[in-house]
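As structure tokens, the structure follows; a few thoughts come after it.
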Amino acid sequence: MTKLIVNADDFGYCKAVNYGIISAYKEGVVKSTTVMANMPGFEHAMKLLKENPGLACGVHMTISCNRPVLPNLESLVDENGKFFRRITNDVIDKMNLDEIYEELCAQIEKVKKHTEISHLDSHHHVHTLKKLQPVIERIIEKYKLPIRGGFEYNLEYSKVVPMLDTFYSDNVEIDYFKKNINTLKEYDTLDIMTHPAYLDAYILNSTSYAMQRTKEHEILTSEEVKKYLNDNFKLSSYRDI
């Protein structure tokens with residue numbers, strides 16, 4: 001039976017996101033999350049995690065949202081000291097790869113002080129970009145953690161978990177899992193990227209993907225979806241890898 005990891009991205013983004021993810025864990029099918037160490041809700045997320053130790057937590061490595069956790073990373077930030085919001089291979093060409101490596105390691109170490117890290121992924125999938133291959137290879141050599149797949153490049157590493165990112169935007173529907181069951185069952189283990197959340201002023205003012213998160217939360221906590229997934233998959237986390 002396929003191990004299905006319903007992973008909630010963006011833990012730590014803000015309090016409303018944190019509460020939504022915890023609700024999707026306690027009342028729904030989410031068993032795994034990834035936290036953003038550089039966001040204003042990080043400490044709140046870590047407090048909630050201590051109260052919910054069954055929720056596996058990885059690191060949502062970030063170089064495209066808010067500010068770095070390290071100072072003086074000149075190649076990674078704009079004139080306001082914030083990360084560039086759109087990271088492409090062309091943008092990475094203008095960055096110092098050592099600075100990226102140091103920042104991502106600092107994020108991982110910050111999370112490591114609070115919890116045992118289950119795995120790695122990244123905001124906007126930046127870790128999958130070809131130009132970041134040397135950085136990611138150094139990180140997995142150092143930490144040896146499972147990592148979400150979807151790479152533009154071939155990563156010779158046994159702990160890559162395939163991922164589907166199609167539960168998003170217009171595809172967020174109550175029958176998403178039924179419609180895609182044949183695709184989901186092609187894998188032994190599969191990560192489904194999700195973004196369940198409640199709303200507050202911070203998230204409404206900082207991202208265009210806000211209202212859709214409440215719909216994701218509704219679906220991921222519905223009794224219909226819980227029963228369907230438990231009947232057809234082994235709901236898992238990265239701790240089961």
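The values are calculated or read from the model by the stated rules, or taken from the named source; none is laboratory data. No experiment lies behind these values; they were computed from the predicted model shown. Note: ideal-geometry Cβ built from the backbone for every residue, glycine included; neighbour counts use all protein chains shown. The accessibility values were calculated without ligands, DNA or RNA, using every heavy atom of the protein model including side chains. Shrake-Rupley method; radii C 1.70, N 1.55, O 1.52, S 1.80 Å.
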Of all trypsin sites (Lys or Arg not before Pro) in the stretch 1-92, the ones in DSSP coil with at most 15 other Cβ atoms within 10 Å are K82, R85, R86
Distribution of pairwise C-alpha distances over the stretch 192-241, 10 Å bins, in %:
22, 40, 27, 11
Accessible area per residue for the stretch 95-241 in Å², computed with a 1.4 Å probe and the full protein assembly in place, what is it?
49
Any chance you could check the Cα centroid distance between the stretch 170-202 and the stretch 1-71 for me, in angstrom?
16
I need the GluC sites (Glu not before Pro) found in the stretch 38-85, filtered to DSSP loop residues with at most 14 other beta carbons within 10 Å of theirs.
E79
State, to one decimal in nm², a quarter of the convex hull surface area for the C-alpha atoms of the stretch 5-71, i.e. the direction-averaged projected area.
4.3
Taking every other residue with Cβ under 15 Å from the Cβ of D170 and scoring Lys and Arg +1, Asp and Glu -1, one gets -1
With a cut-off of at most 13 other beta carbons within 10 Å, and DSSP calling the residue loop, which trypsin sites (Lys or Arg not before Pro) in the stretch 108-200 qualify? Please list them.
K113, K144
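When the helix-only estimate is applied to the chain (DSSP H runs of n ≥ 4, each -39,500 (n - 2.57), divided by the residue count), what is the mean residue ellipticity at 222 nm, nearest 500 deg cm²/dmol?
So the helix-based figure for the chain works out to -10000 deg cm²/dmol.
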Past the 23 angstrom mark, what percentage of all C-alpha to C-alpha distances in the chain do you count?
47
Inverse mean reciprocal Cα-Cα distance (Kirkwood Rh) of the stretch 81-158, Å:
13.2
How charged is the neighbourhood of S75? Take every other residue with its Cβ under 10 Å from the Cβ of S75, and add Lys/Arg as +1 and Asp/Glu as -1.
-2
Taking only the alpha carbons of the stretch 145-241, what extent do you get along each of the three principal axes, in Å, biggest first?
42, 32, 24
Return one number: the angle in degrees, 0 to 90 and rounded to the nearest 10, between the long axis of the Cα atoms of helix 42-51 and the longest principal axis of the Cα atoms of the chain.
40
How far is helix 15-26 tilted off the main Cα axis of the chain, in degrees rounded to 10, range 0 to 90?
40
Net charge (Lys, Arg +1; Asp, Glu -1) of residues whose beta-carbon lies under 14 Å from that of Y101, Y101 excluded, is -4
On the protein heavy atoms, probe 1.4 angstrom, tell me the percent of accessible surface of the chain carried by carbon and sulfur.
47
